[in-house]
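Asks: For reference, the structure I am asking about is given below.
The values are calculated or read from the model by the stated rules, or taken from the named source; none is laboratory data. Remember, it's a predicted structure, so these values are computed and weren't measured experimentally. Note: ideal-geometry Cβ built from the backbone for every residue, glycine included; neighbour counts use all protein chains shown.
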Amino acid sequence: MVKAQITSPVIRGNFGVDADLRSNYYNGLLQAGNDDWYHFPGTAGIGQFVIDTTGAAGIVARYSTDVAFRRTTFARTMRYPAYSVVNNRTLLDAILVRDFHGDDSTVFASGSNKNGDNPIDWSTPVSQGIPDKNDILDMFVHVRRAGPNGTDSLWLFGGLSLDNTTGNRYFDFEMYQTDFYYDRANLEFGGYGPDAGHTSWEFDASGNITRAGDIILSAEYQSSSLSFIEARIWIHKSKLSISPAAFSWSGNFDGASAGAMYGYASIQPKTAGTYYTGLQCANNTWGGPFGIVLQNDVVATNYDAKQFVELSVNLTKLGLDPLTRLGGDPCGMPFRKVLVKTRASASFTAELKDFVAPFAFFDPPRAAIVSETPYLCAQGSVAQIHVTNPLITSSYTWTTPNGNIVSGANGTTIVVDTPGTYIVTQHLLASCGAYATDTVQILPFAPCEVLNVSLFDFQGVSTDFAIALNWKVTDNQLVSYFIIERSWDGTHFESLGEIRKTPSSKPIGSYNYKNDIRNAQAPSAYYRVRLVSTSGTVKVSNTIRFTLGKLSNQIVLFPNPAKDIVQVQVSATFNGKMKTEIFDPAGRLISVNLSDVSTGMNVISLQSLIGTPPGIYMAVIRLGSETFRQKIVVVK
């Protein structure tokens, strides 16, 4: 058994491990430098908070009048994009989960449920109360590197608040390789691994890790402090005969039964020195902007002494760092899902009590790409392809086996001039391996012919009743007429009518056309324009698609990330006013903008971010009775 090495306040990777949730505070005192879970109102300093607190005031306000709402769960993820470098530390991910309270269906049924079981055998009730000493209130996890480089130590931070503050508390942070989940409707777990419900670690003959498996960190807090943390990994019992290169076995192995071939084996670092810390909170420790909901439905502002516990583990020293032990990728992670649970006693095989359902971790948005121009002529036309969910910290590289990229091959957007297949590869950091790929195909029009006259800037606006199209042409004198075409499936087009050339002495001509869609039955409509020249040759525009249905209020902010000016694209169902408020990363209101909007599509320019420092800002937009909230990432 490995005893705790530090049970007094420390700072690891600039994150306070002091059983206090406030950034810029350390050991109860304002110090304006360290990061933590939350920002305490009215304080300043370079220390940052990691949990997204959007909507906290609204949640607390509803708690005051809605008792049933106090018993529900919610989750908040990290306020920064994954793998952001903040205060010279790499922040990989973070999450807060508030557990159900009162009669709870995320608890283990009374019986023999234990850590070494196959999750398929765990039993959970429809609803059951839980002893207050085992009842989880809130759970926190955060992982960061102690510096900006992949070679810096990788730290895992955990936080847990329990209802009862007396006696000893025992809990586990269990981390899975597979897409492990809890089906609350059917009261069962799913997505577990292939080796007795888990994923086992594999080693070669020299003890090098060839496959990562499931991990568990078991903690014990006795009356005054953290007294014990043990790290275990899931293995086949035969692996105990191998001497791992990354860590050492420390003597414990427990599976579902005494003769189990799969189970959790305890490990410890090969070298001496600190690798984990832990602490319990003092009385009247601030509980954060979401408040604290106790088992008896009381909403509290502060924790009682020992109600919140915090721990940290140096995954690099423990031998579980993906960069140094699991393939050398600084963006690799040894787990993807986390389950937090409490136990009845100090024994690793003690009966399990409460749990927070498995939640995803290290799961940044995977690149998805689209083009609003799905068809091109073989020559003379261009299409733009873009990533729909860009992550500011990711890099995107484009390739094509049979097309042609006319812009650069890096970034969130490319321009192409040839039908073909286009592929984007996403890297979470420039030094990381490929994280995700996506593919889009640009199809050819036939027949198409390139003319001296060019049709460009083809676009449209939709309302409940009509699609308004507009476009421009060069060398207007060479135009004979236009044919407007529509399709309900994007493939089979019909002619809607013709527009003759507008005589003009200017070389560039502008045209428009409106199509009534009040009786449309399809979910989408596709439009294109055929330009017929005076010589009888034809050129076809790109195709644009519109989603049909009743017009609703919609907001899109672009570009995002932004350097200064942000455009707000507003789809409005009425003529009226729109109010836009911008809040800085500390939650302070920095600007208010009132704008007039009309029914249909509007574009409004916001200049309030000019000169602001980089960071994540919040736009709160009020349109009629609706409120929209969207983050804006400011880069310089």
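Asks: Considering only segment 602-636, how many residues are over 26 Å from the mean Cα position of the chain (by Cα), of a type in the set (A, V, I, L, M, F, W, C) and surrounded by fewer than 18 Cβ atoms within 10 Å (Cβ to Cβ)?
Replies: 3
To keep it simple, each residue is scored yes or no on (1) buried (at least 18 other Cβ atoms within 10 Å of the Cβ); (2) farther than 30 Å from Val440 by Cβ; (3) in contact with a Leu (Cβ under 9 Å, 6 or more places away or on another chain); (4) of a type in the set (Val, Ile, Thr).
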site: Val340; (1), (2), (3), (4): yes, yes, yes, yes
site: Ala344; (1), (2), (3), (4): no, yes, yes, no
site: Phe348; (1), (2), (3), (4): yes, yes, no, no
site: Val356; (1), (2), (3), (4): yes, yes, yes, yes
site: Phe359; (1), (2), (3), (4): yes, yes, yes, no
site: Pro365; (1), (2), (3), (4): no, no, yes, no
site: Ala368; (1), (2), (3), (4): no, no, no, no
site: Ser371; (1), (2), (3), (4): yes, no, no, no
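Asks: Condition first: surrounded by 13 or more Cβ atoms within 10 Å (Cβ to Cβ) and over 20 Å from Ile616 (Cα atoms). Now tell me which residues in segment 550-575 satisfy that.
Replies: Selection gives Leu551, Asn553, Gln554, Val570, Ser571, Ala572, Thr573.
Asks: Would you point out which residue out of Val532, Val592, Val540 is assigned by TED's automatic domain parsing to the domain that holds Gly497, of a type in the set (A, V, I, L, M) and without any contact (Cβ under 8 Å) to a residue 60 or more places away in the chain?
Replies: Values: Val592 fails: assigned by TED's automatic domain parsing to the domain that holds Gly497; Val540 fails: without any contact (Cβ under 8 Å) to a residue 60 or more places away in the chain.
Just a single option satisfies the conditions, and that option is Val532.
Asks: Give Glu626, Glu581 a once-over and let me know the one that is acidic (Asp, Glu), in contact (Cβ under 8 Å) with a residue 60 or more places away in the chain and at negative phi. Steps first, answer last, please.
Replies: On the way: Glu581 fails: in contact (Cβ under 8 Å) with a residue 60 or more places away in the chain.
The conditions single out Glu626.
Asks: Then there's this: Do we find a residue being of a type outside the set (Gly, Ala, Ser), within 26 Å of Pro125 (Cα to Cα) and touching a helix residue (DSSP H, G or I) at 6+ places or on another chain (Cβ under 9 Å) anywhere in segment 310-333? Walk me through it before giving the result.
Replies: Of the residues in segment 310-333, the ones of a type outside the set (Gly, Ala, Ser) are 310-311, 313-318, 320-326, 329-331, 333.
Narrowing further to those that are within 26 Å of Pro125 (Cα to Cα): none.
Among the residues of segment 310-333, not one is of a type outside the set (Gly, Ala, Ser), within 26 Å of Pro125 (Cα to Cα) and touching a helix residue (DSSP H, G or I) at 6+ places or on another chain (Cβ under 9 Å), which makes the answer no.
Asks: Another question, if that's okay. Any residue in segment 62-80 that is within 18 Å of the chain's Cα centre (by Cα), buried (at least 21 other Cβ atoms within 10 Å of the Cβ), of a type in the set (Phe, Trp, Tyr) and at pLDDT below 95?
Replies: Checking segment 62-80: at least one residue is within 18 Å of the chain's Cα centre (by Cα), buried (at least 21 other Cβ atoms within 10 Å of the Cβ), of a type in the set (Phe, Trp, Tyr) and at pLDDT below 95.
Asks: Return the only residue of Ser591, Ser608, Ser598 being within 22 Å of Gln459 (Cα to Cα) and small (Gly, Ala, Ser). If you could, list the steps in order and put the result at the bottom.
Replies: Working: Ser591 fails: within 22 Å of Gln459 (Cα to Cα); Ser608 fails: within 22 Å of Gln459 (Cα to Cα).
Every option except Ser598 fails the conditions.
Asks: Consider segment 161-220. How many of its residues are under 25 Å from Phe247 (Cα atoms), hydrophobic (A, V, I, L, M, F, W, C), assigned to a loop (DSSP other than H, G, I, E, B) and touching a strand residue (DSSP E or B) at 6+ places or on another chain (Cβ under 9 Å)?
Replies: Residues that pass the stated criteria total 3.
Asks: Looking only at segment 397-437, filter to residues that are under 30 Å from Leu92 (Cβ atoms) and touching a Pro at 6+ places or on another chain (Cβ under 7 Å); which one of those is modelled with the lowest pLDDT?
Replies: So the residue we want is Ser431.
Asks: Return the total of residues in segment 178-219 being of a type in the set (S, T, N, Q) and out of contact with any Gly (no Cβ under 6 Å at 6 or more places or on another chain).
Replies: Taking segment 178-219 as the starting set, the residues that turn out to be of a type in the set (S, T, N, Q) are 178, 186, 199-200, 206, 208, 210, 218.
From what's left, out of contact with any Gly (no Cβ under 6 Å at 6 or more places or on another chain): 186, 206, 208, 210, 218.
Summing the residues that are of a type in the set (S, T, N, Q) and out of contact with any Gly (no Cβ under 6 Å at 6 or more places or on another chain) in segment 178-219 gives 5.
Asks: Consider segment 124-167. How many of its residues are surrounded by fewer than 21 Cβ atoms within 10 Å (Cβ to Cβ), polar (S, T, N, Q) and under 21 Å from Ala346 (Cα atoms)?
Replies: Residues that pass the stated criteria total 3.
Asks: Scan segment 451-482 for residues that are hydrophobic (A, V, I, L, M, F, W, C), crowded, with 19+ Cβ neighbours inside 10 Å and out of contact with any Ser or Thr (no Cβ under 7 Å at 6 or more places or on another chain) and jot them down.
Replies: Ile467, Leu469, Phe482
Asks: Does Ala19 satisfy being out of contact with any His (no Cβ under 8 Å at 6 or more places or on another chain), part of a loop (DSSP other than H, G, I, E, B) and under 27 Å from Phe355 (Cα atoms)?
Replies: On the way: out of contact with any His (no Cβ under 8 Å at 6 or more places or on another chain): yes; part of a loop (DSSP other than H, G, I, E, B): yes; under 27 Å from Phe355 (Cα atoms): yes.
Spelling it out, Ala19 is indeed out of contact with any His (no Cβ under 8 Å at 6 or more places or on another chain), part of a loop (DSSP other than H, G, I, E, B) and under 27 Å from Phe355 (Cα atoms).
Asks: Considering only residues that are surrounded by 18 or more Cβ atoms within 10 Å (Cβ to Cβ), within 44 Å of the chain's Cα centre (by Cα) and among the small types (Gly, Ala, Ser), which ones fall in segment 483-531?
Replies: Selection gives Ala525 alone.
Asks: Could you name every one of the strands (runs of 3 or more DSSP E) located completely within segment 30-127 that has at least 1 residues being touching a His at 6+ places or on another chain (Cβ under 8 Å)?
Replies: Working: elements: 74-77, 84-86, 89-98.
In segment 30-127, the matching strands (runs of 3 or more DSSP E) lie at 89-98.
Asks: Oh, and also: Can you tell me which of (1) of a type outside the set (Lys, Arg); (2) loosely packed, with under 14 Cβ neighbours inside 10 Å; (3) at pLDDT 90 or above is the one Ile292 doesn't meet?
Replies: (2)
Asks: Among the residues of segment 274-294, is there at least one that is under 19 Å from Ile215 (Cβ atoms), assigned by TED's automatic domain parsing to the domain that holds Asp93 and of a type in the set (S, T, N, Q)? Break it down into steps so the answer makes sense when it comes.
Replies: Taking segment 274-294 first, the residues under 19 Å from Ile215 (Cβ atoms) are 275-278.
Going one step further and asking which of them are assigned by TED's automatic domain parsing to the domain that holds Asp93, we end up with 275-278.
After this cut, where a residue has to be of a type in the set (S, T, N, Q) as well, the list is 277.
Yes, segment 274-294 contains a residue that is under 19 Å from Ile215 (Cβ atoms), assigned by TED's automatic domain parsing to the domain that holds Asp93 and of a type in the set (S, T, N, Q).
Asks: So, one more: Among the residues of segment 167-180, count how many are of a type in the set (Ser, Thr, Tyr) and closer than 11 Å to Arg336 by Cβ.
Replies: Initial filter on segment 167-180 (of a type in the set (Ser, Thr, Tyr)): 170, 176, 178.
Keeping just the survivors that are closer than 11 Å to Arg336 by Cβ gives 176, 178.
Matching residues across segment 167-180 total 2.
Asks: Being buried (at least 22 other Cβ atoms within 10 Å of the Cβ) and at pLDDT below 95 is true for just one of Leu91, Leu29, Leu21. Which residue is that? Explain how you work it out, then say what you get.
Replies: Details: Leu29 fails: buried (at least 22 other Cβ atoms within 10 Å of the Cβ); Leu21 fails: at pLDDT below 95.
Just a single option satisfies the conditions, and that option is Leu91.
Asks: Looking at Ala357, Ala346, which is the one that is among the small types (Gly, Ala, Ser), in contact with a strand residue (DSSP E or B) (Cβ under 9 Å, 6 or more places away or on another chain) and within 19 Å of Thr199 (Cα to Cα)? Don't jump to the end; show me each part of the working.
Replies: Working: Ala346 fails: within 19 Å of Thr199 (Cα to Cα).
Matching residue, one of Ala357, Ala346: Ala357.
Asks: With respect to Leu320, is the statement that it is in a loop (DSSP other than H, G, I, E, B) and surrounded by 22 or more Cβ atoms within 10 Å (Cβ to Cβ) true? Break it down stepwise before answering.
Replies: Values: in a loop (DSSP other than H, G, I, E, B): yes; surrounded by 22 or more Cβ atoms within 10 Å (Cβ to Cβ): yes.
Here the answer is yes, as Leu320 does meet what is asked.
Asks: Among the candidates Tyr182, Tyr192, single out the residue that is closer than 30 Å to Gln280 by Cα, surrounded by 21 or more Cβ atoms within 10 Å (Cβ to Cβ) and hydroxyl-bearing (Ser, Thr, Tyr).
Replies: When all the criteria are applied, what remains is Tyr182.
Asks: Now for a separate question. Looking at Ile610, is it under 25 Å from Thr388 (Cα atoms), assigned to a strand (DSSP E or B) and of a type in the set (Val, Ile, Thr)?
Replies: Numbers: under 25 Å from Thr388 (Cα atoms): yes; assigned to a strand (DSSP E or B): no; of a type in the set (Val, Ile, Thr): yes.
Taking the combined requirement at face value, the residue does not satisfy it.
Asks: Let me ask something else. Being modelled with pLDDT under 85 and part of a loop (DSSP other than H, G, I, E, B), is that true of even one residue in segment 132-141?
Replies: Within segment 132-141, the subset modelled with pLDDT under 85 is 132-133.
Filter again for part of a loop (DSSP other than H, G, I, E, B), leaving 132-133.
Among the residues of segment 132-141, at least one is modelled with pLDDT under 85 and part of a loop (DSSP other than H, G, I, E, B), which makes the answer yes.
Asks: Still on this structure: Mind counting the residues in segment 518-567 that are assigned to a loop (DSSP other than H, G, I, E, B) and farther than 19 Å from Leu443 by Cβ?
Replies: Matching residues across segment 518-567 total 22.
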